[in-house]
1. Does residue 13 fit the bill of being surrounded by 12 or more Cβ atoms within 10 Å (Cβ to Cβ), in the same structural domain as residue 120 (by TED's automatic domain parsing) and at pLDDT below 85?
2. Among the residues of the range 159-174, is any at pLDDT 80 or above and assigned to a loop (DSSP other than H, G, I, E, B)?
3. Can you tell me which of (1) loosely packed, with under 13 Cβ neighbours inside 10 Å; (2) among the aliphatic types (A, V, I, L, M); (3) within 17 Å of the chain's Cα centre (by Cα) is the one residue 46 doesn't meet?
4. Name every residue in the range 102-140 that is closer than 18 Å to residue 50 by Cβ, touching a residue at least 40 places away in the same chain (Cβ under 8 Å) and either in contact with a Leu (Cβ under 8 Å, 6 or more places away or on another chain) or of a type in the set (Gly, Ala, Ser) (or both), in order of residue number.
5. Would a scan of the range 51-63 turn up a residue that is farther than 20 Å from residue 199 by Cβ and surrounded by 16 or more Cβ atoms within 10 Å (Cβ to Cβ)?
6. Strands (runs of 3 or more DSSP E) wholly in the range 81-142 with at least 1 residues that are modelled with pLDDT under 95 and in the same structural domain as residue 11 (by TED's automatic domain parsing) - which ones?
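The values are calculated or read from the model by the stated rules, or taken from the named source; none is laboratory data. Here the structure is a predicted model, which means the values were calculated and not measured. Here the Cβ is made from the backbone with ideal geometry for all residues, glycine too, and neighbour counts use every protein chain on show.
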Amino acid sequence: MSVSNEEFAKDKVELKVLGISYSQLQSGAYAMLLAEIDGPYRIPVVIGSAEAQAIAIKIEGVTPPRPMTHDLFASFAASFAIELQRVFIYKFEDGIFSAEMTFSYGQREVTVDSRTSDAVAIALRMNAPIYTTREIINQAGTIMDENGNQDESASASHADEAATPRHDADEYESMSLDDLHKRLTRMIDDENYEEAARINEIIRRREQE
């Protein structure tokens with residue numbers, strides 16, 4: 001028998017994705033920051049560059065010219081009327097987060113194991129909620145300070161998989177808007193979507209200013 005998200009969420013904590021950051025303390029590490037909805041806790045999960053790229057382009061609204069792997073998965077599921085009901089981060093052990101994805105197809109419901117980064121990347125594309133337990137929040141969560149900053153050392157301690165470094169942020173900050181737009185186009189053409197998302201974020205901030 002299938003369980004509704006309302007029933008499932010009774011003793012769970014719902015999370016949202018705040019963004020992707022680069023750890024200065026752990027070389028080559030990207031941290032996906034998950035936030036407790038209506039709560040102060042944040043969970044930093046260090047993820048690989050490919051997964052960071054997939055998550056970043058979705059939350060920053062960058063459209064790749066061709067579907068990426070997670071886009072393809074979401075399109076395939078939609079074509080066969082398969083819905084992602086929820087993502088559940090159910091375990092945190094030895095610095096590793098474990099997740100599962102629950103899909104429904106008609107009256108049938110199936111739960112499969114997944115890397116946390118992949119599960120979140122797909123959940124963003126299929127508009128599915130993300131949950132965890134209060135125990136994991138207490139184990140791995142951090143509380144943001146009044147300026148919205150997190151303890152970078154906490155991000156570096158929760159490893160999911162390895163990653164590769166990004167370009168120097170100062171390079172983008174010193175560029176004109178016209179040059180940023182040109183660089184954005186080039187990054188999308190080169191399928192470097194994580195960098196494209198970073199540039200797009202800087203462009204949006206500049207235009208708002």
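1. It is false that residue 13 is surrounded by 12 or more Cβ atoms within 10 Å (Cβ to Cβ), in the same structural domain as residue 120 (by TED's automatic domain parsing) and at pLDDT below 85.
2. There is at least one residue in the range 159-174 that is at pLDDT 80 or above and assigned to a loop (DSSP other than H, G, I, E, B).
3. (1)
4. So the first thing to find is which residues in the range 102-140 are closer than 18 Å to residue 50 by Cβ, and the list is 114-125.
Restricting the remaining residues to those that are touching a residue at least 40 places away in the same chain (Cβ under 8 Å) gives 115-118, 120-122, 124-125.
If the condition is that a residue be closer than 18 Å to residue 50 by Cβ, touching a residue at least 40 places away in the same chain (Cβ under 8 Å) and either in contact with a Leu (Cβ under 8 Å, 6 or more places away or on another chain) or of a type in the set (Gly, Ala, Ser) (or both), then 117, 120, 121, 122 are the ones that fit.
5. No: the range 51-63 contains no residue that is farther than 20 Å from residue 199 by Cβ and surrounded by 16 or more Cβ atoms within 10 Å (Cβ to Cβ).
6. Working: elements: 83-93, 96-105, 108-115, 130-132.
Those strands (runs of 3 or more DSSP E) span 83-93, 96-105, 108-115.
Conditions (1) in a strand (DSSP E or B); (2) touching a Phe, Trp or Tyr at 6+ places or on another chain (Cβ under 9 Å); (3) on the phi > 0 side of the Ramachandran plot; (4) without any contact (Cβ under 8 Å) to a residue 24 or more places away in the chain, marked per residue:
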position: 51; (1), (2), (3), (4): no, yes, no, no
position: 64; (1), (2), (3), (4): no, yes, no, no
position: 73; (1), (2), (3), (4): no, no, no, no
position: 76; (1), (2), (3), (4): no, no, no, yes
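Rundown of residues vs (1) at pLDDT below 85; (2) more than 9 Å from the chain's Cα centre (by Cα), yes/no style:
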| residue | (1), (2) |
| --- | --- |
| 17 | no, no |
| 23 | yes, yes |
| 28 | yes, yes |
| 40 | no, yes |
| 50 | yes, yes |
| 55 | no, no |
| 60 | yes, yes |
| 64 | yes, yes |
| 75 | no, yes |
